[in-house]
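Inspection log for the structure reproduced underneath, given as structure tokens.
The values are calculated or read from the model by the stated rules, or taken from the named source; none is laboratory data. Please read all numbers here as calculations on a predicted model, not as lab measurements. Note that each Cβ is placed from the backbone with ideal geometry, even for glycine, and that neighbours are counted across all protein chains shown.
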């Protein structure tokens, strides 16, 4: 299977990540066999919204120095959770990574509150999947986007998902886009 040679970067909030989004996405992706690198802003152990502890593979600033990965990733995905607005929405490195991969026609995606990172980087058009969250909806509106009525929205190689209940479909859509 061609997915074993693929590299996927997942970016999580440094704390208050949404466990189901991360773990369901990882479960589906890992079953297909690509190499997965999970990074956060701090690179230190993150505590999820439900107090689950997870240690990422490193710091976001070192995204291009990960062992076994040379060049660009085949997909870059942003996870959500209550910590996303605090640690990811205003990050200066993440939009550059996403824009670079978007221009290189790689798969980029985000789930739940992570979708605002794509909106702020002007990488979405029309509508996007995401949560019914007031701050999030104002981010979409500011970017000229509307909230989709679907749990997962794919626009070319850009994939957005509404939240934890859509994580497995999100991951499956990412894998389909990589094939």
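Within the stretch 1-44, take every residue that is in a loop (DSSP other than H, G, I, E, B) and farther than 19 Å from residue 94 by Cα and give me the one that is modelled with the lowest pLDDT. Of everything passing the filter in the stretch 1-44, 1 is modelled with the lowest pLDDT. When restricted to residues that are in contact (Cβ under 8 Å) with a residue 40 or more places away in the chain, part of a helix (DSSP H, G or I) and surrounded by 17 or more Cβ atoms within 10 Å (Cβ to Cβ), the stretch 68-99 contains 5.
Among the numbered conditions (1) in contact with a strand residue (DSSP E or B) (Cβ under 6 Å, 6 or more places away or on another chain); (2) buried (at least 21 other Cβ atoms within 10 Å of the Cβ); (3) within 15 Å of residue 113 (Cβ to Cβ), the only one that residue 39 does not meet is (3).
Is one or more of the residues making up the stretch 110-130 within 23 Å of residue 173 (Cβ to Cβ), at pLDDT below 95 and either in a helix (DSSP H, G or I) or touching a helix residue (DSSP H, G or I) at 6+ places or on another chain (Cβ under 7 Å) (or both)? Scanning the stretch 110-130 turns up no residue that is within 23 Å of residue 173 (Cβ to Cβ), at pLDDT below 95 and either in a helix (DSSP H, G or I) or touching a helix residue (DSSP H, G or I) at 6+ places or on another chain (Cβ under 7 Å) (or both). Quick check on my filter: what residues within the stretch 143-179 are in contact (Cβ under 8 Å) with a residue 60 or more places away in the chain, part of a helix (DSSP H, G or I) and over 18 Å from residue 22 (Cα atoms)? If the condition is that a residue be in contact (Cβ under 8 Å) with a residue 60 or more places away in the chain, part of a helix (DSSP H, G or I) and over 18 Å from residue 22 (Cα atoms), then 177, 178 are the ones that fit.
Against the condition within 21 Å of residue 172 (Cα to Cα) and free of Cβ contacts under 8 Å to residues at least 60 places away in the same chain, how does residue 65 come out, does it pass? Considered against the rule, which asks whether it is within 21 Å of residue 172 (Cα to Cα) and free of Cβ contacts under 8 Å to residues at least 60 places away in the same chain, residue 65 comes out as no.
Every test in (1) modelled with pLDDT of 95 or more; (2) at negative phi is passed by residue 72 save one, and that test is (1).
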